[in-house]
């Protein structure tokens, strides 16, 4: 692959020639169709169909990417190589350049029709921080280091970056109250996560071996699992999260491929002395050697007052995914399918909140504010324990390293608006 594109804005961009993520876009009153991000532009794949393999054209003219992702990693790699050739070889410039559309001129959508969405809990520092608030002497439950914990989310409420975050209503009970009341959440939170897009699925009753799990991962995105902590505290026993988390899940709109992330893979962190080793179905030497993702993660907050005063966003956290994940993406896939559960092309899986082991890399306000007991101070003079109306949270992620060209996952943005009055 060439190092440089004739698209000048790609140089130094998170959407460089080495990235080329896939997504679904539309223009004003236009149809949804697949595109590739390059610099400040989207390359319309349907418009350059004559320059692509004839066998690909049907799947790459659909309004969602499910059928294309079902083809598996070989087809995705071949498409990425071909697009890189078109965007770097000057012989194709006259044909391809007219099909570049400014990202500011299009609307980006959730790239797949999501049949199922599951969210995991593989961020061990987040699990420890939250558990310590409720069980100071025993923050992690006994099964945590044996099994990747997850729950089934709500696919219908997954939305692309930019969708308003409508404050949810629900039951919550004050600590001193005898019973619950119904009303808008007063402890609305964000969760900084990665999303995993499923490519090739598996048949019902046929688990995916961990050594083959990577062949079923189409790519990655950012994911914000918005959470109403007061609703969650009241409802989560005995069956776990429900209405506290299924009112909205935001994702960044681009699917960043495993090929693009390959230069940034790292060994899985060594398990501390005394921790159990993974059971055989979750253990693979290749995954131990390169299963971690060297993705830098960042979350920032901007309030309405800050924007009015033209103050920069407040940096909430910055850390690395490889330092946060106790279980790898391959282990997540292998475990999810281990009982015979059939994953399908376009399914979405969240990693769970990714916090590092220091105070600069905490992935939720629940952790940053110590459950609301230590509000953060903002440059505007405001304080926050949890999100208020008008607050906007922006998640960002990127990869960079010696000898590799920087790539990014884009942004995942959501602004809180007042709850609807019922």
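Details
- Once the Cα gyration tensor of the stretch 195-249 is diagonalised, semi-axes √(5λ) in Å: 31, 16, 8
- Size of the chain as Cα extents on the principal axes (Å, biggest first): 72, 55, 41
- What separates the Cα centres of the stretch 97-151 and the stretch 189-228 is a distance of 9 Å.
- Using C-alpha pairs under 8 Å with a sequence gap of at least 6, the mean separation divided by the residue count of the chain gives a relative contact order of 21 percent.
- Linear extension gain, residue 389 paired with residue 105, 0.36 nm per residue minus alpha-carbon span: 99.5 nm
- Length-normalised contact order of the stretch 8-109 in % [C-alpha pairs under 8 Å, at least 6 apart]: 32 percent
- Principal axis dimensions, largest first and in whole angstrom, of the stretch 320-402 by Cα: 52, 36, 22
- Candidates 311, 223, 100: whichever shows maximal mean-square fluctuation once the chain is modelled as a Gaussian network with Cα springs under 10 Å: 311
- Model label points for residue 9 and residue 265, set 7 angstrom from Cα along the Cα-to-Cβ axis, are 3.3 nm apart.
- Structure-based [θ]222 nm, the chain - -39500 (n - 2.57) summed over DSSP H runs of at least 4, per residue, nearest 500: -4000 deg cm²/dmol
- Values of log10 I(q)/I(0), in the order q = 0.11, 0.15, 0.17 Å⁻¹, for the stretch 30-166 under a Debye, Cα-only, solvent-free model: -0.61, -0.87, -0.99
- Tensor-based shape of the stretch 8-109 (alpha-carbon gyration tensor, a/c under 1.5 rounded, otherwise prolate or oblate): rounded
- At an R0 of 22 angstrom, the distance between the Cβ atoms of residue 236 and residue 138 translates into a FRET efficiency of 0.80.
- Taking 293, 192, 113 in turn, the Gaussian network model of the chain (Cα-Cα springs below 10 Å) assigns the largest fluctuation to 113.
- Once you divide the Cα radius of gyration of the stretch 133-248 by 2.2 N^0.38 Å, the number left is 1.30.
- An ellipsoid equivalent to the stretch 239-349, defined through the eigenvalues of its Cα gyration tensor, has semi-axes of 32, 20, 16 Å when rounded to whole angstrom and sorted largest first.
- Cα centroid separation - the stretch 1-53 against the stretch 238-289, whole Å: 28 Å
- Extension reserve of the residue 304-residue 288 stretch, reckoned as 0.36 nm per residue once the Cα distance is removed: 1.3 nm
- Relative to the dominant Cα principal axis of the chain, helix 124-134 is inclined by about 20°.
No value in this document is a laboratory result; all are computed from the given coordinates. This one's a predicted model, so the numbers in the text were calculated from it and none came from an experiment. Don't worry about glycine lacking a Cβ; one is built from the backbone with ideal geometry, like all the others, and counts go over all protein chains shown.
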